[in-house]
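Data block below; observations after.
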Amino acid sequence: MANSTPQTRHYWIFSTDPHHYHWDTLFVKGKEMWHGAGSKPDAIRALKQVKRGDRVLCYHSAPERSLYSIAEVSRDPYPDPHDYKGKNLVADLRAFEKLPRPVTLAEMRANPAVRKAKLLKNVRLLISPISEGEYLELLRMAGIVATPGVPLP
């Protein structure tokens, strides 16, 4: 019998322009193919590291500049079926939970616990990895607090 080791969950911030794609769309549909990486090499490199089960904090870029919701990667990245050149990647996301309140870019920059997040150094990143500690701190900032016996999203 093969041993199966549990996958380590990773945490990400996916950024999108709310005028182009608003994260509410994901909550209306429940699950959707996310193709926000487009043909941008940095985003495609980052998307290759994303795995099924990873948690995503959904970020709206200008003019809102704030974290909006939580999603879960429901399928490993795969070639974009709409890209005839076969170079772009997409990942399926499942809506998880809207944040009780948005966390603004200014609030993130003012918090020493998340100040080193890549997104804060380059707000043009479409996909930005964050540590588990940063993820938990961002949830706390949004108003999601741990309850004994109930895991955080």
So, residue 54, is that one of a type in the set (Asp, Glu), in contact (Cβ under 8 Å) with a residue 24 or more places away in the chain, surrounded by fewer than 19 Cβ atoms within 10 Å (Cβ to Cβ) and more than 22 Å from residue 19 (Cα to Cα) or not? no
Qualifying residues in region 40-51 (those that are charged (D, E, K, R) and assigned to a helix (DSSP H, G or I)) - the one surrounded by the most Cβ atoms within 10 Å (Cβ to Cβ): 42
Could you go through region 74-90 and let me know if any residue there is over 14 Å from residue 129 (Cα atoms), surrounded by 14 or more Cβ atoms within 10 Å (Cβ to Cβ), touching a residue at least 40 places away in the same chain (Cβ under 8 Å) and in contact with a Gly (Cβ under 6 Å, 6 or more places away or on another chain). no
Given (1) at pLDDT 95 or above; (2) over 17 Å from residue 126 (Cα atoms), identify the lone condition not met by residue 27. (1)
Under 12 Å from the mean Cα position of the chain (by Cα) and either in a loop (DSSP other than H, G, I, E, B) or of a type in the set (Lys, Arg) (or both) - does that describe any residue in region 19-35? yes
With 40, 29 as the choices, which residue is in contact (Cβ under 8 Å) with a residue 40 or more places away in the chain and within 27 Å of residue 109 (Cα to Cα)? 40
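In the set 55, 94, 75, which member is touching a Phe, Trp or Tyr at 6+ places or on another chain (Cβ under 8 Å) and modelled with pLDDT of 95 or more?
Being touching a Phe, Trp or Tyr at 6+ places or on another chain (Cβ under 8 Å) and modelled with pLDDT of 95 or more holds for just one of 55, 94, 75, which is 55.
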Among residues of region 104-134, those that are at pLDDT below 95, surrounded by 21 or more Cβ atoms within 10 Å (Cβ to Cβ) and not aliphatic (A, V, I, L, M), counted: 0
Test residue 115 against the stated conditions and say whether it is out of contact with any Gly (no Cβ under 6 Å at 6 or more places or on another chain), under 19 Å from residue 23 (Cβ atoms) and without any contact (Cβ under 8 Å) to a residue 12 or more places away in the chain. no
Determine the pairs where a residue that is among the acidic types (Asp, Glu), located within region 8-21, has a partner that is at pLDDT 90 or above with Cβ atoms under 7 Å apart, the partner being 6 or more residues away or on another chain. 17/61
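The values are calculated or read from the model by the stated rules, or taken from the named source; none is laboratory data. All of these numbers come straight from a predicted model, not from anything done at the bench. Using ideal geometry, Cβ is built from the backbone for each residue, glycine included, and neighbour counts are taken over all protein chains shown.
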